[in-house]
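Below is one structure, written out as structure tokens; comments come after it.
Derivation of every value follows stated rules applied to the coordinates shown; laboratory data play no part. Quick caveat, the model's predicted, so the values are computed rather than measured.
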Amino acid sequence: MIDQKNKINNKIVPLIFTDFYPSQSHSHEGLCVHEQIPHLPGSENALVLAPSIKYPPFPRYRYVRSHRPESGWQNCEKNVFRIPGYYFPVFGEKFLVKKIIVDSLALLQWRGNDFDIIHANWAYRSGYIASQVSEYLNIPLILTIWGSDIDIWIHEKRKQRYIFQALEKAYKIITQNKSHKEKLLQFGVPNDKIVINPMGIDTQIFTIKHAKKPNKNFTFAIIGNLFRDKGHQEVLQSLSMCNPDIRLVVIGDGPEMLRLVYETASYNLRDRVVFTGAKNPEEIPELLQKSDALIIGSRHEGGPKVLLEALSCGKPVVATKVGFASEIIHPECGKLVEIGDIFAMAKAMDYIAENQWDAQKIRQTALPFDWQNFRLKMEKTYISVLGEHLTCA
């Protein structure tokens, strides 16, 4: 019998598929995967394959073209390859995914196939592509879902079959929260295939730092890409109904920037809102530490990870009931509100600003979610999958 624990610690070679991964032109895309990889078992040996898709120059694809990395084969960093794909309206998904599957297999044949496990991120498209590669190479598949795949894409007909195929072929499916587990169960995924393991945070970097405030204004931070489903508009509307001493710092960039700047002016909030633009991940701890609280207005999330980062810094949080927010937020660390309820959000913001908060108690909520605990649980999952694969072989 092979010692699976020894294999995990010394010999495992994971192959990672991901639809989203940071590139030179889109440094904030797929950061969750980029930050997670170093904490996976065998990460020092991992190979990452990320599709790089080119869309036709038609107006309907203008948005997606501007938010996808450059096309073409790229070895953008050590052991990270971008595989080119071309989306044609007539041939659509079938041509695209088949080409990426064939090119992935060709790359693996050229490089050498010495992988023990395949770990895919997002059921669509990478989960499906990885499921085909897994079947062809007879390597077990683990799938991490992040939210969009089962919150949004699974309800789109042209994507459904790819998602269900990935869910069926995976030995284990990693979810970020209980609500996503419930959705998977509703879609017919067996309970023993589902593992809840939220991505971790560095609690040594995201820590409490007390700074003397130069003024009386209470500042909320909202951090993330400026997409419509992140709820920035609702946060601005709520702010307009709050105590005028409350301020908002909007950290991030994206297609909604101009609209949000316009709405800030229309709500007469120009003196109360600051847009910082995109920031490097290394700057986020200090930005959180300088803020008084975090606000999350998202309509759907897998996490969000920034919630844990704020709690680790001892900051109270106002959050919509998305992702694992409902499982983590309690009265001693913040307030939960229904999605889209701007009146409840305004009331919660006033409540957070008017009350005193124990930073140490807040931080205790985040400590179980450090990277060490994440890795330990992932090691158990890898061991289980490798053992199950050997049994079935």
> Taking the range 81-126 as the region of interest, what is the percent of Cα-Cα pairs per 5 angstrom bin, listed from the shortest bin to the one with the maximum distance?
Replying inline: 4, 18, 24, 27, 15, 7, 3, 0
>> Can you tell me the convex hull volume per residue for the range 241-309, based on C-alpha atoms, in Å³ to the nearest whole number?
In response: 116 Å³
> Using the alpha carbon gyration tensor of the range 186-263, what are the three equivalent-ellipsoid semi-axes (square root of 5 times each eigenvalue), largest first, in whole Å?
Replying inline: 32, 22, 13
> In whole percent, what relative contact order does the chain give with Cα contacts below 8 Å and a gap of six or more residues?
Replying inline: 15 percent
> Short version: what are the Cα gyration tensor semi-axes of the range 286-393, square root of 5 times each eigenvalue, largest first, in whole Å?
Replying inline: 34, 17, 10
> With respect to the cross-link table entries LYS183/LYS361; LYS178/LYS347; LYS159/LYS181; LYS157/LYS335; LYS181/LYS347, which display a Cα-Cα separation exceeding 25 Å?
Replying inline: LYS183/LYS361; LYS178/LYS347; LYS157/LYS335; LYS181/LYS347
>> For q values of 0.16 Å⁻¹, compute log₁₀ I(q)/I(0) with the Debye formula on a Cα-only model of the range 218-369, without solvent.
In response: -0.79
>> Using the Cα atoms of the chain, I'd like the radius of gyration and the largest Cα-Cα distance, Dmax, both in angstrom.
In response: 21.7, 70
